[in-house]
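First up is the structure itself, then whatever we jot down about it.
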Amino acid sequence: MRLLFLLVAAWWCSVSAAQPLPAEVDAALARARLPRDAVTLLVADVDPAVPPRLAHRVNAPMNPASIAKLATTFAALELLGPAFTWSTPVYVDGPIVGRVLQGNLYLKGQGDPKLVHERLWLLIRRLHALGIDRVAGDIVLDRSAFEPIAGDPAAFDGEPLRPYNALPDALLLNFKAVALTFTPQPGGTARVVAEPPLAGVEFPATVPLAAGDCGDWRTGLLLAFPAPTRAQFGGSYAAACGERTWPIAAPDGAGYTARLVASMWQEAGGTVGGQVREGRAPTGLGPIAESVSPSLAEVVRDINKYSNNVMAQQVFLTLSLKARGMGSRQGSRELLRAWWRERFAGEPPQFDNGSGLSRDERITAAQLAQLLQYAWASPLMPELAASLPVAGTDGTLRRTKAALGAHLKSGSLRDVQGVAGYVHLPGGRRLVLVAIANHPNAGGMRPVIEAVLAWLAAK
């Protein structure tokens, strides 16, 4: 199989960079004001030995945005296995006497991408069931499994409250997010409920109601944080919206984990003699409890269906954590490049953080086709294909008009939009589709993708 891909890779390099485009696709590009040299388009059989039906600029390096998650997730499925799970163990360094832990309690993160607050609550209940109502010492949060990843959540696009900008963390809790639910009440206000609660962080209990259409209701709230621990609304909430929920990234991202653990421990009736702080768990201790994640196959589905950036970065860092004992971006880049070289010919794509939330990531349509064709022939194909959004049905492509059935990973950033995945033809034939635009008008790429699907349906 690898020999076949080596031969096909050499063949891809000879494919013309400027084949004539179908008239309907060319017209869609013109309507979107997208130049031909700003897009890459490829339609090929899942069998790499069959010549492609459409190949336009297939060897041009493109920023793929979230399409980059295809490489991260499929490499993880191969290297870690679809049944792989993450464990978050709890240790203690003292005896439990009279429902009091005479020492410290340690929560050790190991990269779990989906340690949401419901699972944290279950873990805390387990500790209470083991007889711990009070920790005489500290609750210590061990985040040492990943290298420290510093950064400003606003640096990428100036949107620090967008959950997709959350930074990865060995002890990632609840995606570092808070869900604000607004419910209109009699008397001209909407009740505001923040979940999960964070110790020391205050949100207003109500916001004024306003008349008019729902429209862009989030902007109308004028949410601001005069301090990382204090929110305020400078606007109002449209009564016509009914009940709505707004997930935001907590502004105090660095302190989120400690605030959530402190809040939920207290909410469950627990007390702490010391503080909730960062530190390292002593070596040589055995866990008294642990939280085990869903399987990697389930995590991959969440990542690709809903394009979850921080979950993708957690998986990416887990590659080097399991191979080298420390999760690091550089280590995972090296591992992913080595994985690529073992399977395909030529220079690997330019990988960055595993999620595609990057201006530096580069990959060609030919490389994406190689990956998708290889995956189709793999025993892991069902796990990958089932994780991709179904065009016109679910995930990030639920609003896409689909003339054919298609499982496609979407990608979107400023000046970038595209898809890559599988198209299902009548009679059971399967094709690989890659369509990406890198241009200030890239936001108009969706009708072009729909035109490609309609062209295929008419053939």
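The values are calculated or read from the model by the stated rules, or taken from the named source; none is laboratory data. These numbers were taken from a predicted model, which means no experiment stands behind them. For neighbour counting, all protein chains shown are included, and Cβ atoms are generated from backbone atoms with ideal geometry for every residue, glycine included. We work out accessible area using only protein heavy atoms, side chains counted, and drop any ligands, DNA or RNA first. Shrake-Rupley method; radii C 1.70, N 1.55, O 1.52, S 1.80 Å.
Of all residues in the stretch 374-415, which are open to solvent by less than 40 Å² (accessible area, probe 1.4 Å), under 28 Å from Gly158 (Cα atoms) and over 17 Å from the mean Cα position of the chain (by Cα)? Passing the criteria: only Thr400. Candidates in the stretch 213-246 are the residues that are open to solvent by 60 Å² or more (accessible area, probe 1.4 Å) and in contact (Cβ under 8 Å) with a residue 40 or more places away in the chain; of these, the one that is farthest from Leu141 (Cα to Cα) is Glu243. Summed over the stretch 26-51, the residues that are among the polar types (S, T, N, Q) and either open to solvent by 10 Å² or more (accessible area, probe 1.4 Å) or modelled with pLDDT under 95 (or both) give a count of 0.
Looking at this structure, is Arg191 at pLDDT 95 or above and among the basic types (Lys, Arg)? Write out each step before concluding.
Details: at pLDDT 95 or above: yes; among the basic types (Lys, Arg): yes.
The answer is yes for Arg191.
Screening Glu78 with (1) open to solvent by 10 Å² or more (accessible area, probe 1.4 Å); (2) not assigned by the TED database to the domain that holds Gly418 gives one miss only, at (2).
Answer yes or no: is there a residue in the stretch 263-284 that is open to solvent by less than 50 Å² (accessible area, probe 1.4 Å), closer than 30 Å to Val390 by Cα and in contact (Cβ under 8 Å) with a residue 12 or more places away in the chain.
Just the residues of the stretch 263-284 that are open to solvent by less than 50 Å² (accessible area, probe 1.4 Å), to begin with: 263-265, 268, 270, 272-274, 276, 279, 281.
Restricting the remaining residues to those that are closer than 30 Å to Val390 by Cα gives none.
The answer is no; no qualifying residue exists.
Close Cβ contacts (under 9 Å, 6 or more residues apart or on different chains) running from residues in the stretch 72-86 that are at positive phi to residues that are outside any helix (DSSP H, G or I) and open to solvent by 40 Å² or more (accessible area, probe 1.4 Å) are absent.
The single condition from (1) in a strand (DSSP E or B); (2) open to solvent by 10 Å² or more (accessible area, probe 1.4 Å); (3) assigned by the TED database to the domain that holds Trp339 that Tyr106 fails is (3). Please enumerate the residues belonging to the stretch 325-369 that are in contact (Cβ under 8 Å) with a residue 40 or more places away in the chain, assigned to a helix (DSSP H, G or I), over 14 Å from Pro61 (Cα atoms) and open to solvent by less than 10 Å² (accessible area, probe 1.4 Å). Once the filter is applied, which keeps residues that are in contact (Cβ under 8 Å) with a residue 40 or more places away in the chain, assigned to a helix (DSSP H, G or I), over 14 Å from Pro61 (Cα atoms) and open to solvent by less than 10 Å² (accessible area, probe 1.4 Å), the stretch 325-369 yields Leu336, Trp339, Trp340.
Of all residues in the stretch 416-427, those satisfying the criterion of being open to solvent by 20 Å² or more (accessible area, probe 1.4 Å) and either basic (Lys, Arg) or part of a strand (DSSP E or B) (or both) are Gln417, His424. A Cβ distance below 6 Å, combined with a sequence gap of six or more or placement on separate chains, defines the contacts here; from the stretch 442-459, residues that are acidic (Asp, Glu) reach residues that are open to solvent by 10 Å² or more (accessible area, probe 1.4 Å) and not in a helix (DSSP H, G or I) in the pairs Glu450/Lys401. Note on the stretch 247-259: among residues that are of a type in the set (Gly, Ala, Ser) and open to solvent by less than 60 Å² (accessible area, probe 1.4 Å), the one that is modelled with the lowest pLDDT is Gly253. Within the stretch 65-75, is even one residue farther than 22 Å from Arg362 by Cβ, of a type outside the set (Phe, Trp, Tyr) and open to solvent by 10 Å² or more (accessible area, probe 1.4 Å)? Taking every residue of the stretch 65-75 in turn, none turns out to be farther than 22 Å from Arg362 by Cβ, of a type outside the set (Phe, Trp, Tyr) and open to solvent by 10 Å² or more (accessible area, probe 1.4 Å). Checked against the criteria, Val432 counts as assigned to a strand (DSSP E or B) and either among the charged types (D, E, K, R) or touching a residue at least 60 places away in the same chain (Cβ under 8 Å) (or both).
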